[in-house]
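I have placed the structure first, in the form of structure tokens, so that the comments after it can refer back to it.
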Amino acid sequence: MTPIPKFYPVILAGGRGTRFWPLSRKRRAKQLLALDGKQTMIQQTLLRLLPLASPKSFWVITNKDLQREISRQLPRLAKAQIIAEPIGRNTAPAIGLAAFILRADPDAVIGMFPSDHVIADENCFRQTLSEGIRIAAANENIVVLGIRPTRPETGYGYIESGASFQGHALRVRRFTEKPDAERAAGFLAAGNYFWNSGMFLWSARTLADALREHLPKTAQVLEQIASAFGTRKFAATFRRLYPKCENISVDYAILEPRSAKGERNSNIICLPADFGWSDLGSWTALHEHRVTKAQPANGNLISSEGVFTLNAERNYIHAPGKFVAAVGIKELVVVDTDDALLITTLDQAQDVGKVVKYLDERKLRKLV
């Protein structure tokens, strides 16, 4: 596939991935782990986007704890392309900085991509993106990739689609944050709702203008930072001003107020996607994903030097270098590292992040 001129993928890689503790740590976050194969999550993200953009067109927004390791894992990117936020300010300032740096280019289209997603059909992914880039380059359109829901999931945000736009793209009526089980079931039955993938496309000018409209104070700060980009003053300016940005996501800052204008006036377009997407948000999600791929006997996924199982079903056990005997257990998650041991169940694995909160509160820094 030929790279698309003026396409700038921005990979957001500042999260900690606390629900994958104890493998995921402050300096070895989820996106730096090889949870689904030999390559790490961020390496997979870069590789599936490279056919669409030159390596020089990429940006990675991360933090100081992860910057060095990301640079090591992505040797095709110059160190200057991997920007460490002085303090976390969520997705709106992170992607907004790229918009203000690139806004002088009238043809620049920015793609926002989390660094920890799994895509099964990468060819379909790139074809969908190509269509989305074309839509985003026209007028003031904001494109969101919507995933067709397969279950009444309560852990994702939803997009309600409206009238047809062009091709199989649809206008967006509204966004709904994580619903309860009853509403999620209703969304699934309605047929015009999609999971919000967190992947967006927009021209740099469209995004910069949207920030000026909906987040004016932060937009002013980002403009000042961007004006110093490429000079010796950039690092100091970034460090001094960026903490003044509001701590807010793109969804709350731009998409929700923009969608309130109505589907005909918001210029928000949903591009339905069927490329096998997962955000691998927990050990449970990873277990389901890998079981679907590998279809192991009795649903057990065990990483170890040797295994014995007896009456054991649907377990996820990570204990490399050790012999594992699983006898009479069901739906457990066991993750063993040098300094920590996690034992939970598949239906409680969403709460693992609370362990990290506990460790943070007690300043047990070696364990986070």
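The values are calculated or read from the model by the stated rules, or taken from the named source; none is laboratory data. This structure is a prediction, so every number in the text was calculated from the model and none was measured. Neighbour counts are summed over all protein chains in view; Cβ atoms, including those assigned to glycine, are modelled from backbone coordinates with ideal geometry. Accessible surface is based on the protein model in full, side chains and every heavy atom, while ligands, DNA and RNA are left aside. Shrake-Rupley method; radii C 1.70, N 1.55, O 1.52, S 1.80 Å.
Can you tell me which of (1) surrounded by fewer than 23 Cβ atoms within 10 Å (Cβ to Cβ); (2) in contact (Cβ under 8 Å) with a residue 12 or more places away in the chain; (3) in a loop (DSSP other than H, G, I, E, B) is the one residue 75 doesn't meet?
(2)
In the list 116, 107, which residue meets the criterion of being in a loop (DSSP other than H, G, I, E, B), in contact (Cβ under 8 Å) with a residue 60 or more places away in the chain, under 22 Å from residue 44 (Cα atoms) and not hydroxyl-bearing (Ser, Thr, Tyr)? First the steps, then the outcome.
Working: 107 fails: under 22 Å from residue 44 (Cα atoms).
116 is the lone residue from the list that is in a loop (DSSP other than H, G, I, E, B), in contact (Cβ under 8 Å) with a residue 60 or more places away in the chain, under 22 Å from residue 44 (Cα atoms) and not hydroxyl-bearing (Ser, Thr, Tyr).
So in segment 240-252, with the set limited to residues that are open to solvent by less than 80 Å² (accessible area, probe 1.4 Å) and in a loop (DSSP other than H, G, I, E, B), which one is nearest to residue 97 (Cα to Cα)? Even if it seems obvious, please write down each step before you answer.
Here is the first cut: in segment 240-252, the ones open to solvent by less than 80 Å² (accessible area, probe 1.4 Å) are 241-243, 245-246, 248-251.
Cutting the leftovers down to in a loop (DSSP other than H, G, I, E, B) gives us 245-246, 248-249.
Values: 245: 10, 246: 13, 248: 14, 249: 13 Å.
Here the answer is 245.
Of the residues that make up segment 282-289, is at least one touching an Asp or Glu at 6+ places or on another chain (Cβ under 9 Å), aliphatic (A, V, I, L, M) and modelled with pLDDT under 95?
Yes, segment 282-289 contains a residue that is touching an Asp or Glu at 6+ places or on another chain (Cβ under 9 Å), aliphatic (A, V, I, L, M) and modelled with pLDDT under 95.
Tell me, which strands (runs of 3 or more DSSP E) lie completely within segment 285-342 with 2 or more residues that are closer than 25 Å to residue 353 by Cβ?
In segment 285-342, the matching strands (runs of 3 or more DSSP E) lie at 301-303, 316-318, 332-336.
How do the pairs read when you match residues in segment 340-357 that are closer than 13 Å to residue 16 by Cβ and open to solvent by less than 100 Å² (accessible area, probe 1.4 Å) with residues anywhere that are assigned to a helix (DSSP H, G or I) and not hydroxyl-bearing (Ser, Thr, Tyr), using Cβ under 6 Å and keeping only pairs 6 or more apart or on different chains?
From residues that are closer than 13 Å to residue 16 by Cβ and open to solvent by less than 100 Å² (accessible area, probe 1.4 Å), the pairs are 352/19; 353/19.
Go through segment 105-164 and give me each residue that's out of contact with any helix residue (DSSP H, G or I) (no Cβ under 7 Å at 6 or more places or on another chain), under 17 Å from residue 251 (Cβ atoms) and among the charged types (D, E, K, R).
160
Do you know which residues across segment 136-148 are open to solvent by 30 Å² or more (accessible area, probe 1.4 Å) and polar (S, T, N, Q)?
139 - this is the single residue of segment 136-148 that is open to solvent by 30 Å² or more (accessible area, probe 1.4 Å) and polar (S, T, N, Q).
Could you grab me the full set of residues in segment 266-280 that are open to solvent by 20 Å² or more (accessible area, probe 1.4 Å) and either at pLDDT 95 or above or hydrophobic (A, V, I, L, M, F, W, C) (or both)?
267, 277, listed by residue number.
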